[in-house]
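Asks: This is the structure I want to talk about, given as structure tokens.
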Amino acid sequence: MEERSQEEIKTAVFGGGCFWCTEAVFSSLKGVKSVMPGYTGGTVVDPTYEQVSNGNTGHIESIKIAYDPAVISYSDLLAVFFNTHDPTTPNRQGADIGTQYQSAIFYADAGQRTAAEALIKELNDSKAYDNQVITLVRPLEKFYDAEDYHREYFKHHPDQRYCQIVIQPKLDKLQHQFAALLK
């Protein structure tokens with residue numbers, strides 16, 4: 001298959017709780033070229049993990065996905081996003097609690113915004129969840145890459161307890177629900 005040019009590669013940015021989890025999920029998908037954990041949505045310039053972890057910077061642990069829309073659509077990415085975390089809980093995902101774990105979509109253009117808002121409306125109207133989807137939909141401003149030790153965390157630490165208890169079940173769910181989208 002011919003390699004796509006940089007202009008044809010698109011970006012999606014999601015905050016769905018711990019970025020170790022979301023990076024592992026989205027790295028498994030066909031058409032995803034790279035996934036970078038990081039921080040976005042806050043006020044501190046070039047924040048550190050420690051600063052973001054205290055919950056006072058306004059940043060959300062997020063991932064920046066570089067993907068080939070000829071292989072995987074933004075709609076598919078949204079479907080995976082909404083099915084691999086809880087978009088109904090404010091400021092938490094499982095045991096991870098704080099504003100840095102909010103469910104959020106940071107859109108790069110009007111098309112992404114429209115797609116995200118339409119899907120949230122559809123999920124709420126259909127009562128897909130017991131509670132309302134409260135995922136934030138905000139414009140993508142500055143994304144700060146996380147420190148090196150956060151990159152490919154699951155790949156490098158698959159036997160770590162957090163990875164086994166929290167990340168592996170998400171990957172199992174992904175395999176079960178989205179097998180056709182996996183590499």
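The values are calculated or read from the model by the stated rules, or taken from the named source; none is laboratory data. No experiment lies behind these values; they were computed from the predicted model shown. Note that we place each Cβ from the backbone using ideal geometry, even for glycine, and neighbour counts take in every protein chain shown.
Asks: What tally of residues in segment 154-176 results from selecting those that are more than 15 Å from GLY16 (Cβ to Cβ) and either touching a Ser or Thr at 6+ places or on another chain (Cβ under 8 Å) or in contact (Cβ under 8 Å) with a residue 24 or more places away in the chain (or both)?
Replies: Adding up the residues that qualify gives 3.
Asks: Kindly evaluate TYR162 against the criterion of being in contact with an Asp or Glu (Cβ under 8 Å, 6 or more places away or on another chain) and crowded, with 16+ Cβ neighbours inside 10 Å.
Replies: No; evaluated as a whole, the condition is false for this residue.
Residues checked against (1) closer than 25 Å to THR114 by Cβ; (2) among the charged types (D, E, K, R):
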{"site": "GLY17", "(1), (2)": "yes, no"}
{"site": "CYS21", "(1), (2)": "no, no"}
{"site": "GLY31", "(1), (2)": "yes, no"}
{"site": "ASP46", "(1), (2)": "no, yes"}
{"site": "VAL52", "(1), (2)": "no, no"}
{"site": "LYS64", "(1), (2)": "yes, yes"}
{"site": "SER73", "(1), (2)": "yes, no"}
{"site": "ASN91", "(1), (2)": "no, no"}
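Asks: Continuing with this model, one more query. Of the conditions (1) under 19 Å from ILE63 (Cβ atoms); (2) outside any loop (DSSP other than H, G, I, E, B), GLU122 clears all except one; give me its number.
Replies: That leaves (1) as the condition not met.
Asks: Quick one: count up the residues across segment 110-129 that are farther than 15 Å from ASN83 by Cβ and either modelled with pLDDT under 95 or surrounded by fewer than 13 Cβ atoms within 10 Å (Cβ to Cβ) (or both).
Replies: Total meeting the criteria: 7.
A quick yes/no check of all residues on (1) out of contact with any helix residue (DSSP H, G or I) (no Cβ under 8 Å at 6 or more places or on another chain); (2) aliphatic (A, V, I, L, M); (3) free of Cβ contacts under 8 Å to residues at least 40 places away in the same chain:
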residue: GLN100; (1), (2), (3): no, no, no
residue: PHE106; (1), (2), (3): yes, no, no
residue: SER126; (1), (2), (3): yes, no, yes
residue: GLU141; (1), (2), (3): yes, no, no
residue: TYR144; (1), (2), (3): yes, no, no
residue: ASP148; (1), (2), (3): yes, no, yes
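Asks: I've got another one for you. For the subset of segment 133-164 comprising residues that are among the polar types (S, T, N, Q) and in a loop (DSSP other than H, G, I, E, B), which member is modelled with the lowest pLDDT?
Replies: Residue satisfying both the conditions and the ranking: GLN160.
Asks: Next question, about the same structure. If you take the residues in segment 27-57 that are hydrophobic (A, V, I, L, M, F, W, C) and assigned to a loop (DSSP other than H, G, I, E, B), which one is farthest from TYR101 (Cα to Cα)?
Replies: Top of the filtered list is VAL45.
Asks: Here's something else I'd like to know. Which of (1) over 13 Å from the mean Cα position of the chain (by Cα); (2) under 14 Å from GLY17 (Cβ atoms); (3) assigned to a strand (DSSP E or B); (4) not aliphatic (A, V, I, L, M) is the odd one out, the single condition THR89 does not satisfy?
Replies: Going through (1) over 13 Å from the mean Cα position of the chain (by Cα); (2) under 14 Å from GLY17 (Cβ atoms); (3) assigned to a strand (DSSP E or B); (4) not aliphatic (A, V, I, L, M) one by one, THR89 breaks only (3).
Asks: Turning to a different aspect of this structure: Test each condition in (1) among the hydrophobic types (A, V, I, L, M, F, W, C); (2) surrounded by fewer than 23 Cβ atoms within 10 Å (Cβ to Cβ); (3) modelled with pLDDT of 95 or more; (4) over 21 Å from LEU174 (Cβ atoms) for VAL52 and report the one that comes out false.
Replies: All conditions are met except number (2).
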